[in-house]
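The values are calculated or read from the model by the stated rules, or taken from the named source; none is laboratory data. Fair warning: this is a prediction, and the values are worked out from it, not measured in the lab. Neighbour counts run over all protein chains shown; Cβ positions are idealised from the backbone, glycine included.
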Amino acid sequence: MPNLRKTFATRVIDPIVWKRKRMPVGAQLKEFRAQQWDDAETVERRQADRLRGLLTHAVTRVPYYRERVTDLTPADIEADPWASLAAFPILEKEDVRHRLDDLTCDMGRGKMIERTGGSTGLPLVFYRDRYSQTASFASTQLFYDWAGVGRGERRVRIWGSPRDFAAQRSPAMRFLNFFHDRTLLDAFAMGEAQMREYIRFLNRRPPVSFEGYTTAIYNLAEFVDRRGLEVPTPRVVVVGGSTLHPHMREKIEAVFRAPVFDHYGSHEVGVTAAECDRHNGLHVFGETSFAELVDRNGRPTPVGELGELVVTQLWEYTMPFIRYRTGDQAVMSGRACDCGRAYPLLDHVAGRSNDCFVRADGGLVVPEIMTRLFGLVYNTGDVRSFQAIQESIDGITIRVALEPASDGLPQEVQEGIASRIRETMGAPCEIGFEFVDEIEPSPSGKHFYLISKVAREAASAGAAPGAAPPGSASPEREER
């Protein structure tokens, strides 16, 4: 039955659905599969051609860019698309929120309204057309190719978007999910009873691909390990939505006895980067995306240094996302992957810049500090989950949910964690612990290890994440 179902899904249902939507996903996937093996020069030349078309369209037909980019002509873009791209302003979420109509140009490509999950509390509305949707579907399946998962093979996913769960209830989605053998589990329901039920479900019908939020799968792996439970071995575990730290990968692979494949994307610009089977970093898929890493002043950061990820979506003309600030931090690798694909590598994605601690000098402290302290340095086995909240520039609250059998987090562990955080913050800082029964995920279903109210307030006020807070010395003034 599974093979018949897969055959029917891929040879009958997919072609009918894609033809009805006028989205040639199959043909585009075939093209992407061939292009992935082109050399770096060919890939860059193809990117430059796509960039020329996109930027010329933006400055001639999109009101927002006609207003903001006045010094570039189509001839300038034709001559040097890369220098022209650098002249474009970074697109902020607030621009999308307040200038939606000015950023939109109806191209007759099936304009579709989309909404983000609002993981920061501020959902975003934007538009997408069927050309970019086609490229997104095809590139996503290509990433599954890299992980060794074919379309129609059994997939179980732990996710948490209310929008996604609402969509699953429609007769059409139930029909498609049955034949594509896809099951969605609720990342919001991760208490002990629910996790035991998820494990029973996995054992009843083992998936080929077990997928979901990094933190949700890691928490389930921790639960399995500590309770001494048995889980099936999928072919792969695919994670995303939050940072995959080394100790998390190690735990997931040990429990599920399967390789972990990380990927990065956002609802706005689609899946941007993913691991191949060599696990040397995340390939930025150059056929659909161009990624830049910049500092808080918008200047390029050197290879190997942490920077903010800015993405240009090369296929979207109805609402171009050009140099879009994702809000995430990443490090670009200088290595070439020995898989033979010439796409650049992100060494790793470090997490949201709005959810990094802000130091008194304006510097940022990424979430790895917390996951390292709790996951490695002070891992006593007592903590089920945690979340650090920067209430003010010199005040941090650490919320901790303990294991049911725990007698509490030892005082020396609390003091050790607090001491390491103060050292990293570079200034006196009040740190308090709050013990709770559960730490609820964000509205989008993601779990944030670190929340900075300081950074979020700065972002809401239009300041760059990491800009020196009021009353502190600016880094530029200190250097002089």
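A few comments on the model shown:
- Among residues of segment 7-30 being over 24 Å from VAL149 (Cα atoms) and touching a residue at least 60 places away in the same chain (Cβ under 8 Å), the one that is surrounded by the most Cβ atoms within 10 Å (Cβ to Cβ) is LYS21.
- Single residue of ARG52, ARG33 found to be surrounded by 14 or more Cβ atoms within 10 Å (Cβ to Cβ), more than 12 Å from GLY286 (Cα to Cα) and of a type in the set (Lys, Arg): ARG52
- Pairs are defined by a Cβ separation below 6 Å, a sequence spacing of at least 6 or placement on different chains, a first member in segment 421-447 that is at negative phi, and a second member that is part of a strand (DSSP E or B) and modelled with pLDDT under 80; the pairs so defined are THR424/VAL365.
- Filter result for the condition that a residue is loosely packed, with under 15 Cβ neighbours inside 10 Å, in contact with a Ser or Thr (Cβ under 6 Å, 6 or more places away or on another chain) and on the phi < 0 side of the Ramachandran plot, over PRO89, PRO63, PRO74: PRO74
- Selection status of THR312, touching a Phe, Trp or Tyr at 6+ places or on another chain (Cβ under 7 Å) and buried (at least 18 other Cβ atoms within 10 Å of the Cβ): yes
- Scope segment 92-116; condition buried (at least 17 other Cβ atoms within 10 Å of the Cβ) and of a type in the set (Lys, Arg); matching residues: LYS93, ARG109
- Test: residue in segment 327-347 that is part of a strand (DSSP E or B), hydroxyl-bearing (Ser, Thr, Tyr), in the same structural domain as VAL208 (by TED's automatic domain parsing) and within 20 Å of the chain's Cα centre (by Cα): no
- Residue in segment 255-272 that is in contact with a helix residue (DSSP H, G or I) (Cβ under 9 Å, 6 or more places away or on another chain), among the charged types (D, E, K, R), surrounded by fewer than 20 Cβ atoms within 10 Å (Cβ to Cβ) and more than 20 Å from PRO89 (Cβ to Cβ) present: no
- Tally, over segment 373-409, of residues that are among the basic types (Lys, Arg), modelled with pLDDT of 90 or more and more than 27 Å from GLY426 (Cβ to Cβ): 0
- Residue within segment 243-266 that is acidic (Asp, Glu), under 20 Å from VAL156 (Cα atoms) and under 16 Å from the mean Cα position of the chain (by Cα) present: yes
Residues checked against (1) modelled with pLDDT under 85; (2) crowded, with 19+ Cβ neighbours inside 10 Å; (3) among the acidic types (Asp, Glu); (4) under 30 Å from ILE396 (Cα atoms):
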position	(1), (2), (3), (4)
PRO300	no, no, no, no
GLU316	no, yes, yes, no
THR326	no, yes, no, yes
HIS348	no, yes, no, yes
VAL358	yes, yes, no, yes
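- For segment 299-344, a tally of residues being hydrophobic (A, V, I, L, M, F, W, C) and farther than 30 Å from VAL125 by Cα returns 5.
- Scanning segment 141-162 for residues that are part of a helix (DSSP H, G or I) and modelled with pLDDT of 95 or more returns GLN141, LEU142, PHE143, TYR144, ASP145, TRP146, ALA147.
- Index of the failed condition, ALA273 passing every other in (1) small (Gly, Ala, Ser); (2) closer than 14 Å to ALA147 by Cα; (3) part of a loop (DSSP other than H, G, I, E, B): (3)
- Helices (runs of 4 or more DSSP H) fully within segment 166-262 counting 1 or more residues that are aliphatic (A, V, I, L, M), touching a Phe, Trp or Tyr at 6+ places or on another chain (Cβ under 8 Å) and more than 23 Å from THR10 (Cβ to Cβ): 192-204, 214-227, 246-256
- Residue match in segment 396-415 (condition: surrounded by 15 or more Cβ atoms within 10 Å (Cβ to Cβ), assigned by TED's automatic domain parsing to the domain that holds ALA455, in contact (Cβ under 8 Å) with a residue 60 or more places away in the chain and of a type in the set (Ser, Thr, Tyr)): no
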